[in-house]
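Here the structure is laid out as structure tokens; the discussion comes afterwards.
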Amino acid sequence: MVERVLQEAQMEDLIAKFPEDFFPGRNLTLQGRQKSFADVGRFDLLFQDGYQTNILMELKKRRQSMKTPPNWRNTKTNWLD
């Protein structure tokens with residue numbers, strides 16, 4: 001059996017193009033990619049939701065055990081460019 005694994009850039013492209021498929025009902029709009037903020041550091045994707053909340057995503061390619069919960073954080077911050 002051949003296992004096909006997505007690269008991090010491919011995952012980023014898919015989430016950027018189809019956020020509703022990954023996060024249904026969140027009304028995410030892509031605001032930026034591959035940027036950094038002084039207090040946060042680098043991030044892969046920046047979305048804004050229907051409530052004007054900015055959501056930063058940093059993707060990491062690694063295998064995840066179904067027994068181990070994902071390491072996710074919610075941060076609500078308004079960023080100015």
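The values are calculated or read from the model by the stated rules, or taken from the named source; none is laboratory data. The shown structure was predicted, so the numbers you read here are calculated from the model rather than taken from an experiment. Neighbour counts are summed over all protein chains in view; Cβ atoms, including those assigned to glycine, are modelled from backbone coordinates with ideal geometry.
For the condition modelled with pLDDT of 90 or more and outside any strand (DSSP E or B), what is the one hit in Gln52, Gln31, Gln64? Result: Gln52 is the single residue among Gln52, Gln31, Gln64 that is modelled with pLDDT of 90 or more and outside any strand (DSSP E or B). If you go through the stretch 17-61 and keep only what is among the aliphatic types (A, V, I, L, M) and in contact (Cβ under 8 Å) with a residue 12 or more places away in the chain, you end up with Leu28, Leu30, Val40, Leu45, Leu46, Ile55, Leu56, Met57, Leu59. Among the conditions (1) part of a helix (DSSP H, G or I); (2) modelled with pLDDT of 90 or more; (3) surrounded by 15 or more Cβ atoms within 10 Å (Cβ to Cβ), the only one that Leu45 does not satisfy is (1). The residues of the stretch 4-28 that are part of a helix (DSSP H, G or I) and of a type in the set (A, V, I, L, M), listed by number, are Ala9, Met11, Leu14, Ile15, Ala16.
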